[in-house]
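The values are calculated or read from the model by the stated rules, or taken from the named source; none is laboratory data. In this text, all values refer to a predicted model and were calculated from it rather than measured experimentally. When we count neighbours, we look across all protein chains shown, and the Cβ atoms used for this are built from the backbone with ideal geometry, even at glycine. Note: accessible area is taken over every heavy atom of the protein model, side chains too, but ligands, DNA and RNA are not part of it. Shrake-Rupley method; radii C 1.70, N 1.55, O 1.52, S 1.80 Å.
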Amino acid sequence: TAPFDDAVVVCIDAIEEWDTTSIWHAHHGRMDKIDSFKYPHSLGLLYSAFTHRVGLKPAEEEYILMGMAAYGTPKYKSQIHDAMIKSIIPFELKENLHRGMGDWLPDADPMDLAASIQAVTEEIIEGMWKHARQLAGSIDNICFAGGVALNCVANAVMADQDLFNNIWIMPNPGDAGSSLGCIAA
């Protein structure tokens with residue numbers, strides 16, 4: 001759906017088959033994969049684990065977690081990095097969070113947890129976009145897709161980074177947008 005003949009495409013999801021993040025070069029009607037990160041190393045699953053941790057329904061109520069972040073302080077950012085993230089590029093978690101994280105930091109305020117994972121998510125997306133920028137070379141267009149691209153707060157932060165001149169976010173970039181892809185194909 002993007003209006004570009006040449007673009008880098010970044011898809012960040014919980015699980016998109018075995019890839020959790022994939023980076024593509026889209027040009028003249030074709031797409032070539034240039035990098036990917038594999039399950040269980042997933043930013044989407046990390047965010048969903050926090051959705052569950054604060055008492056919400058994972059893979060459904062992440063938008064509520066995103067909204068909660070505005071009411072908290074991101075004071076657990078370093079603890080999240082230390083306890084859960086092995087590296088940003090390649091993105092690697094220290095453990096598989098597919099089944100959640102239990103009662104991690106049991107006395108933490110849910111709003112502060114939300115603010116913290118939102119801030120970490122924005123940092124990781126920025127790292128992935130910078131990585132895509134390096135892989136893309138002189139390409140000034142980016143298309144962003146996958147469930148993580150539904151995080152409009154992070155998208156606004158990324159738009160202010162000036163990493164790409166043009167940003168296209170697929171209408172309904174999550175699973176429900178697959179029907180658009182079927183029609184467009």
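Of the conditions (1) open to solvent by 40 Å² or more (accessible area, probe 1.4 Å); (2) closer than 23 Å to ALA26 by Cα; (3) at pLDDT 95 or above, GLU123 satisfies every one except a single condition; which number is it?
Only one criterion is unmet by GLU123, namely (2).
Looking only at segment 105-119, how many residues end up being within 12 Å of VAL153 (Cα to Cα) and buried (at least 24 other Cβ atoms within 10 Å of the Cβ)?
Of the residues in segment 105-119, 1 are within 12 Å of VAL153 (Cα to Cα) and buried (at least 24 other Cβ atoms within 10 Å of the Cβ).
Return only the number of the condition from (1) open to solvent by less than 70 Å² (accessible area, probe 1.4 Å); (2) small (Gly, Ala, Ser); (3) closer than 30 Å to ASP6 by Cβ that GLY29 does not satisfy.
Of (1) open to solvent by less than 70 Å² (accessible area, probe 1.4 Å); (2) small (Gly, Ala, Ser); (3) closer than 30 Å to ASP6 by Cβ, only one is false for GLY29: (1).
So, in segment 46-82, exactly how many residues are among the aliphatic types (A, V, I, L, M) and open to solvent by 40 Å² or more (accessible area, probe 1.4 Å)?
Of the residues in segment 46-82, 3 are among the aliphatic types (A, V, I, L, M) and open to solvent by 40 Å² or more (accessible area, probe 1.4 Å).
Out of ALA132, ALA114, ALA49, ALA70, which single residue is touching a Lys or Arg at 6+ places or on another chain (Cβ under 9 Å), among the small types (Gly, Ala, Ser) and at pLDDT 95 or above?
From the options ALA132, ALA114, ALA49, ALA70, the qualifying one is ALA49.
Take residues that are closer than 30 Å to ASN166 by Cβ and not hydrophobic (A, V, I, L, M, F, W, C) and tell me which of the helices (runs of 4 or more DSSP H) falling wholly in segment 1-119 contain 3 or more.
43-53, 62-68
Of all residues in segment 2-56, count the ones that are farther than 18 Å from GLN134 by Cβ and either among the β-branched types (Val, Ile, Thr) or in contact (Cβ under 8 Å) with a residue 60 or more places away in the chain (or both).
16
Going by the conditions given, is ASN166 touching a residue at least 60 places away in the same chain (Cβ under 8 Å), of a type in the set (S, T, N, Q) and open to solvent by 40 Å² or more (accessible area, probe 1.4 Å)?
Yes.
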